[in-house]
Amino acid sequence: MERAISLMNCSTKDVAEVADAYAAQERAVGVLHWTKVGRSMEYGHTLSRLSISDYKMSLFESGNAASEVENDLRALLDGDTLAARRLYLLAADVGAQTFAPVQAAEYLAAMIAGDDLSDIRWALDQYHGADRRVRRELDQRLDIRAAYEVAAEQGVNSAQYELGMLLRSGAKTHTDLATSASWLLRAAEAGHTGAMVEYGRALGLGIGLDADPEFALIWLQKAHDLGNRQAKPLISLLSAMVAIE
């Protein structure tokens, strides 16, 4: 028991399961200890980590009709992934009472682990802009790089872009940079303007590729024409480089 506990992530779910395990062995001291651990965790124990639960109880006591949240929770049990998206947005909203990083991460993890490509694309896009606490919780549940790789291989251009940027930021060899550039090119060819800019940067400055500022300008101009504001500074820089040459 103790060795298993030392290896776990110690999320609210883990803590509840450990308390249950002690209860099954009729070890009251262990049950009490892990119940206290759960109650003292930053985001609350498993029964109170979402303000949604308190909200539902208040509706029950007042006799009000089911809310949209309740309907979404029921729909989620029936496999409605659109309900999962709406519930994630509630749980991931930092400014709302329903903010719950653990639950938000669980919604994303479930969608990423599913077989619906549109859900996977949506969940990975949400991860990019999520609060750091949500990303931290999700990182404990799955290998985000592996998730990007799977989606990228299936042709999700936003995943190809994110994978390229992830490889670049963590690059240790020239091969890592070259692989990063190849994923950025695939995303750019699929119409991702951010990838056009970053591939143009890699090509213009020689990041994992032989530098070719003139060809890089073609990609940057295309991104600019499609409305990407990050392209203009690079266009000015590379245009100056070409003029000097």
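For residues that are polar (S, T, N, Q) and in contact with a helix residue (DSSP H, G or I) (Cβ under 6 Å, 6 or more places away or on another chain), tally how many sit in the range 127-148.
0
What tally of residues in the range 219-243 results from selecting those that are closer than 14 Å to G204 by Cα and without any contact (Cβ under 8 Å) to a residue 12 or more places away in the chain?
Residues meeting the conditions: 5.
Here are some conditions: (1) closer than 25 Å to D176 by Cβ; (2) of a type outside the set (S, T, Y); (3) without any contact (Cβ under 8 Å) to a residue 24 or more places away in the chain. R136 meets all but one. Which one does it not meet?
The failed condition is (3).
Among (1) outside any helix (DSSP H, G or I); (2) farther than 26 Å from D115 by Cα, there is one condition G155 misses while meeting the rest; what is its number?
(2)
Could you pull out the residue among L209, L220 that is among the aliphatic types (A, V, I, L, M), modelled with pLDDT of 95 or more and more than 27 Å from the chain's Cα centre (by Cα)?
L220
Condition (residue is farther than 19 Å from L234 by Cβ and outside the structural domain of E106 (by TED's automatic domain parsing)) applied to the range 199-207: is it met by at least one residue?
no
Being in contact with a Lys or Arg (Cβ under 7 Å, 6 or more places away or on another chain) and modelled with pLDDT under 60, is that true of even one residue in the range 56-68?
For the range 56-68, residues in contact with a Lys or Arg (Cβ under 7 Å, 6 or more places away or on another chain) and modelled with pLDDT under 60: absent.
Just wondering, is there one or more residues in the range 179-189 that are aliphatic (A, V, I, L, M), loosely packed, with under 14 Cβ neighbours inside 10 Å and assigned to a helix (DSSP H, G or I)?
no
The values are calculated or read from the model by the stated rules, or taken from the named source; none is laboratory data. Bear in mind the structure is a predicted one, so any value in this text is a computation, not a measurement. Quick reminder, even Gly has a Cβ in these numbers, built from the backbone with ideal geometry, and neighbours come from all protein chains shown.
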